[in-house]
1. Does segment 96-103 include one or more residues that are touching a Leu at 6+ places or on another chain (Cβ under 6 Å) and closer than 26 Å to VAL34 by Cβ?
2. Would you pick out the residues in segment 187-211 that are surrounded by fewer than 20 Cβ atoms within 10 Å (Cβ to Cβ) and assigned to a loop (DSSP other than H, G, I, E, B)?
3. Quick check on my filter: what residues within segment 38-71 are acidic (Asp, Glu) and either part of a helix (DSSP H, G or I) or in contact with a strand residue (DSSP E or B) (Cβ under 7 Å, 6 or more places away or on another chain) (or both)?
4. Applying the selection to segment 143-152, what residues are surrounded by 13 or more Cβ atoms within 10 Å (Cβ to Cβ) and without any contact (Cβ under 8 Å) to a residue 24 or more places away in the chain?
5. Checking PRO85 against (1) in contact with a strand residue (DSSP E or B) (Cβ under 6 Å, 6 or more places away or on another chain); (2) outside any helix (DSSP H, G or I), which test does it fail?
6. Is it the case, given these coordinates, that ALA107 is over 14 Å from the mean Cα position of the chain (by Cα), assigned by TED's automatic domain parsing to the domain that holds ARG212 and touching a residue at least 60 places away in the same chain (Cβ under 8 Å)?
7. Applying the selection to segment 170-199, what residues are in contact (Cβ under 8 Å) with a residue 24 or more places away in the chain and either assigned by TED's automatic domain parsing to the domain that holds ALA41 or of a type in the set (D, E, K, R) (or both)?
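The values are calculated or read from the model by the stated rules, or taken from the named source; none is laboratory data. Since we're looking at a predicted model, the values are computed, not measured. Note that we place each Cβ from the backbone using ideal geometry, even for glycine, and neighbour counts take in every protein chain shown.
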Amino acid sequence: MGPGRGAGITGQAEELYRGKAKRVLAGPDPKTVVLEFTDRATAGDGARTGLIRGKGEVNCRVSALAFEFLESRGLGTHFLSQEGPRRLLVRRLEIIPLECVVRNRAAGSLCRRLGLEEGTPLRWPVVELYYKSDPLHDPMVNRWHARALGWASPEEVEALEAAALEANRLLTDFFGAAGLVLVDFKLEFGRFERRLLVGDEVSPDTCRLWDRETGLRLDKDRFRLDLGGESEAYRQVLARLERAWGGGGGAGG
């Protein structure tokens with residue numbers, strides 16, 4: 001089944017991993033897994049938890065649209081198809097234990113670390129690496145750590161950072177067509193048959209998205225900062241993207 005909304009993978013698939021907001025299930029063959037998105041929300045490394053009604057369906061569909069768009073522009077991802085409202089069928093990656101954050105404006109931890117005013121435009125995108133470790137709270141690292149500790153080869157680190165910057169260029173256009181500013185976002189990568197592919201998700205959980213005209217936050221910061229209106233904000237992001245790209249625009253546009 002190709003990209004788009006599938007008929008749904010049915011039955012009780014084996015659970016391989018349960019994360020903070022998703023479950024990873026066994027796929028129909030050894031080279032695939034199924035990502036199942038939930039309404040669970042966390043902040044502060046799990047210190048605060050809650051539910052955002054409909055978040056799972058929104059993040060699943062937004063991720064599908066974003067992955068279709070990236071694939072259509074030549075950037076490889078793990079995405080294969082959307083299988084029902086909360087599930088994506090994806091390639092089974094050997095995950096690289098690095099989170100790659102790309103920043104276009106100052107927000108969140110960057111403001112706290114450097115004393116910058118939130119929303120300050122950066123002269124060019126900033127790429128940051130974080131070691132994926134819940135017990136250590138995902139500490140910030142750099143390419144030297146990644147290479148010296150064997151998390152990724154020098155060539156993979158170069159490719160990962162280049163792919164992150166290319167994703168930033170593409171996703172800026174993707175969200176921009178929906179009247180959204182891509183402030184910053186997180187990507188994960190993995191290996192599949194000697195290829196480095198974008199994995200995980202692209203959604204209001206992993207991207208800071210502000211309304212271009214009003215600056216209204218339409219992402220997980222509404223939960224982190226206890227602003228309220230989380231469900232409405234998430235659904236607004238999806239509605240805008242469906243209008244911009246949902247009618248096959250992911251492959252054209």
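1. So far as segment 96-103 goes, yes, one or more of its residues are touching a Leu at 6+ places or on another chain (Cβ under 6 Å) and closer than 26 Å to VAL34 by Cβ.
2. Those that are surrounded by fewer than 20 Cβ atoms within 10 Å (Cβ to Cβ) and assigned to a loop (DSSP other than H, G, I, E, B): GLU193, ARG194.
3. If the condition is that a residue be acidic (Asp, Glu) and either part of a helix (DSSP H, G or I) or in contact with a strand residue (DSSP E or B) (Cβ under 7 Å, 6 or more places away or on another chain) (or both), then ASP39, GLU57, GLU68, GLU71 are the ones that fit.
4. Matches in segment 143-152: ARG143, HIS145, ARG147.
5. (1)
6. yes
7. ASP184, LYS186, GLU188, ARG191, ARG195
Listed here are the residues, each with its yes/no results for (1) in contact with an Asp or Glu (Cβ under 8 Å, 6 or more places away or on another chain); (2) not in a loop (DSSP other than H, G, I, E, B).
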residue: CYS111; (1), (2): yes, yes
residue: ARG123; (1), (2): no, yes
residue: GLU128; (1), (2): no, yes
residue: SER133; (1), (2): no, no
residue: ALA159; (1), (2): no, yes
residue: ALA162; (1), (2): no, yes
residue: ALA167; (1), (2): no, yes
residue: PHE185; (1), (2): no, yes
